[in-house]
Amino acid sequence: MSLNPQDHTALELAMFDYDKGDPKRIQHFVKVRALARTIGLAEGIDEKTLHTLEAAAIVHDSGIHESERIYHDTSGKHQEELGPGVARPLLEAAGYEPTEINRVCWLVAHHHSYANIHDMDLQVLVEADFLVNIYEDAMDRPEARRRMAESAAAKVFKTKTGLAMLRDQFLS
């Protein structure tokens, strides 16, 4: 088996190791990657952008541990601030090209900034993360999930596929 950036295996295994002992975070990035890939493919994202999007989905929350250590919280602002510094060496070690590393780090640094999203890869990453977070944050509270989904549908979601997934899961 080849552990290279072509199929993201080395990066995913590096994140498993980084999040070792934290199954919630591991499960989270695996689900975000799967949904980002599905939305990206359904929305017609080109192969190169999809590849970068999947890498970003794997490492999008890589700043959480540092945020907890430094700030004692997991706020999106702190994740955006600290995530690229964690993600970059993981991407380099897995053999990604510098231009792709820069784009992944940019996506990580903006994945909690929801206003004025103009790039499809960021939009898809944000939507995939929202789909997973809505469920994880209100797992046993269907009414709270519905309210979060309604707000996200009105304020954040733009892709046809992401909106359909949001409605099918939380608003039907």
Legend entry - Partners for Lys20 among aspartates and glutamates (Cα-Cα distance below 17 Å; same-chain residues under 8 apart left out): Glu12, Asp61, Glu66, Glu68
Inset, instruction - Mind pulling the angle between the C-alpha long axis of helix 47-59 and the longest principal axis of the chain? Nearest 10 degrees, somewhere in 0 to 90. - result: 90 degrees
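Taking square-rooted eigenvalues a ≥ b ≥ c of the alpha carbon gyration tensor, is the range 37-115 rounded, prolate or oblate, where a/c under 1.5 means rounded and, failing that, a/b exceeding b/c means prolate?
Numbers: a/c = 2.57, a/b = 1.50, b/c = 1.71.
Oblate, because a/c is 1.5 or more while a/b does not exceed b/c.
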Legend entry - Spin-label model distance (nm) - Met139 vs Arg69, 7 Å beyond Cα toward Cβ: 2.6 nm
Legend entry - Candidate lysines for bridging to Lys24, where Cα separation is under 24 Å - those fewer than 8 sequence places away on the same chain excluded: Lys77
Legend entry - Partner aspartates and glutamates for Lys155 [C-alpha distance under 14 Å; skip if fewer than 8 residues away on the same chain]: Glu127
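At 222 nm, what value in deg cm²/dmol follows for the chain if DSSP H runs of at least 4 each add -39500 (n - 2.57) and the sum is divided by all its residues, to the nearest 500? Walk me through the intermediate numbers first.
Details: 9 runs with 119 residues, N = 172.
After summing the helix terms and dividing by the residues of the chain, the value is -22000 deg cm²/dmol.
Give the residue list of chymotrypsin sites (Phe, Trp or Tyr not before Pro) in the range 92-172 that are DSSP loop and have at most 16 other beta-carbon atoms within 10 angstrom.
Details: sites: Tyr96, Trp106, Tyr114, Phe130, Tyr135, Phe157, Phe170; in loops: Tyr96, Tyr114, Phe157.
For chymotrypsin sites (Phe, Trp or Tyr not before Pro) across the range 92-172 that sit outside H, G, I, E and B with at most 16 neighbouring Cβ atoms in 10 Å, the list reads Tyr114.
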Legend entry - Computed P(r) (all Cα pairs; the range 122-172; 10 Å bins; percent): 29, 61, 9
Legend entry - Backbone HN-Hα couplings from phi across the range 104-111 [Karplus 6.51/-1.76/1.60, Hz, Gly and Pro as x]: 4, 4, 4, 4, 4, 6, 10, 6
Legend entry - Convex hull per residue volume in Å³, alpha carbons only, for the chain: 119 Å³
Legend entry - Ranking by accessible area, most exposed first, for Asp19, Asp73, Asp140 with a 1.4 Å probe: Asp140, Asp73, Asp19
Inset, instruction - Give a residue-ordered list of calculated ³J(HN,Hα) values for the range 63-72 (Karplus: 6.51 cos²θ - 1.76 cosθ + 1.60, θ = phi - 60°; whole Hz; x for Gly, Pro). - result: x, 4, 4, 5, 4, 5, 5, 7, 9, 6
Inset, instruction - For the chain, find the longest principal axis of its Cα atoms and tell me its angle to the long axis of helix 76-93, 0 to 90°, nearest 10. - result: 40 degrees
Inset, instruction - Report the relative contact order of the range 49-162, percent, no decimals, based on alpha-carbon pairs under 8 angstrom and at least 6 residues apart. - result: 24 percent
Legend entry - Principal axis dimensions, the range 3-82 - Cα atoms, whole angstrom, descending: 39, 26, 18
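The values are calculated or read from the model by the stated rules, or taken from the named source; none is laboratory data. Everything numeric in this text was worked out from a predicted model, so none of it was measured. Note that each Cβ is placed from the backbone with ideal geometry, even for glycine, and that neighbours are counted across all protein chains shown. Note: accessible area is taken over every heavy atom of the protein model, side chains too, but ligands, DNA and RNA are not part of it. Shrake-Rupley method; radii C 1.70, N 1.55, O 1.52, S 1.80 Å.
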